[in-house]
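The values are calculated or read from the model by the stated rules, or taken from the named source; none is laboratory data. Note that the structure is a prediction, hence the values are computed from the model and not measured. Heads up, the Cβs are rebuilt from the backbone with ideal geometry, glycines too, and the neighbour counts pull from every protein chain shown.
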């Protein structure tokens, strides 16, 4: 025999949905810029259908029951989608817990016995609280995936390899240089060396806030890997404070060509390639 609450939810599903939508639309923090009302209704309808179609006495008494898997799958898709769309944890929590209010509202209208109403309400609370916890867990995972993807994209953007001249590459490094980023720098630089056939690569560290022994080791590794590919490396952007730090730490950069600015490094690269840049005089035809 079906639980009385389950019968009510199946019979009053449309009422539950309308009440739930009303609660969501009444929220002053509703993000209509991230999701239209039509999308909100469709998303809510999918989750409510999954709950009503898979609800049973066993599920209400044991929210970890295997029958909840179908509901969890729909909820996971919604949570991850909301994380990627930019919804906050609070907004996602309100989405789930406003459903609890809608379900309890219907129970209050249909069940007149106070004892029965209390018993069914507690079961709904327990079931929806479990869904709420899983919502937050999935939301956090979705947000972490977004952050990791954005971090990778930022890393790629912040380490562009530029062809400044035939045979000359420049790689401006901005921010802290750690082991993971060094790997990205080396892969990008070496790939471009192969594709362009360049013989000189300039690593500009003007945007690196500090240079310690670990950063210096990463730079030396990058220089060594570039040389193995047949290209010479020049490190530019050596500021006075960086020079003092390198000397103080006893870091040996004697085998690496270093320059104070990118312009100086480019000039040295021209000299190494036996190139000369001549300023054209105004009014003089060539």
Exactly one of 69, 33 is touching a helix residue (DSSP H, G or I) at 6+ places or on another chain (Cβ under 9 Å) and surrounded by fewer than 15 Cβ atoms within 10 Å (Cβ to Cβ), and that residue is 69
From 101, 119, 152, which residue is out of contact with any helix residue (DSSP H, G or I) (no Cβ under 8 Å at 6 or more places or on another chain) and either modelled with pLDDT of 80 or more or crowded, with 18+ Cβ neighbours inside 10 Å (or both)? 119
Just checking, how many residues over the stretch 36-59 are surrounded by fewer than 16 Cβ atoms within 10 Å (Cβ to Cβ), under 27 Å from the mean Cα position of the chain (by Cα) and in contact (Cβ under 8 Å) with a residue 24 or more places away in the chain? 1
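Every residue in the stretch 256-286 that is in contact (Cβ under 8 Å) with a residue 12 or more places away in the chain and assigned to a loop (DSSP other than H, G, I, E, B), please. Lay out the reasoning, then the answer.
So in the stretch 256-286, the residues in contact (Cβ under 8 Å) with a residue 12 or more places away in the chain come out as 256-262, 264-266, 268-270, 272-273, 275.
Of everything in the stretch 256-286, those that are in contact (Cβ under 8 Å) with a residue 12 or more places away in the chain and assigned to a loop (DSSP other than H, G, I, E, B) turn out to be 256, 260, 261, 273, 275.
Among the residues of the stretch 57-71, which ones are at pLDDT below 80 and either closer than 24 Å to residue 144 by Cβ or outside the structural domain of residue 29 (by TED's automatic domain parsing) (or both)?
We begin by selecting, within the stretch 57-71, every residue at pLDDT below 80; these are 57-70.
Hits for the stretch 57-71 are 64, 68, 69.
Counting just the residues of the stretch 170-183 that are surrounded by 15 or more Cβ atoms within 10 Å (Cβ to Cβ) and without any contact (Cβ under 8 Å) to a residue 40 or more places away in the chain, which one comes out nearest to the chain's Cα centre (by Cα)?
The first filter runs over the stretch 170-183 and keeps only residues surrounded by 15 or more Cβ atoms within 10 Å (Cβ to Cβ), leaving 170-174, 177, 181-182.
Now drop any that are not without any contact (Cβ under 8 Å) to a residue 40 or more places away in the chain, which leaves 171, 173-174, 181.
On the way: 171: 24, 173: 21, 174: 20, 181: 16 Å.
Result: 181.
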With the condition kept exactly as written, say whether any residue in the stretch 130-138 is at pLDDT 80 or above, within 19 Å of residue 69 (Cα to Cα), more than 27 Å from the chain's Cα centre (by Cα) and part of a helix (DSSP H, G or I). no
If you check 127, 87, which single one turns out to be at pLDDT 80 or above, outside any helix (DSSP H, G or I) and either surrounded by 14 or more Cβ atoms within 10 Å (Cβ to Cβ) or assigned by TED's automatic domain parsing to the domain that holds residue 56 (or both)? 87
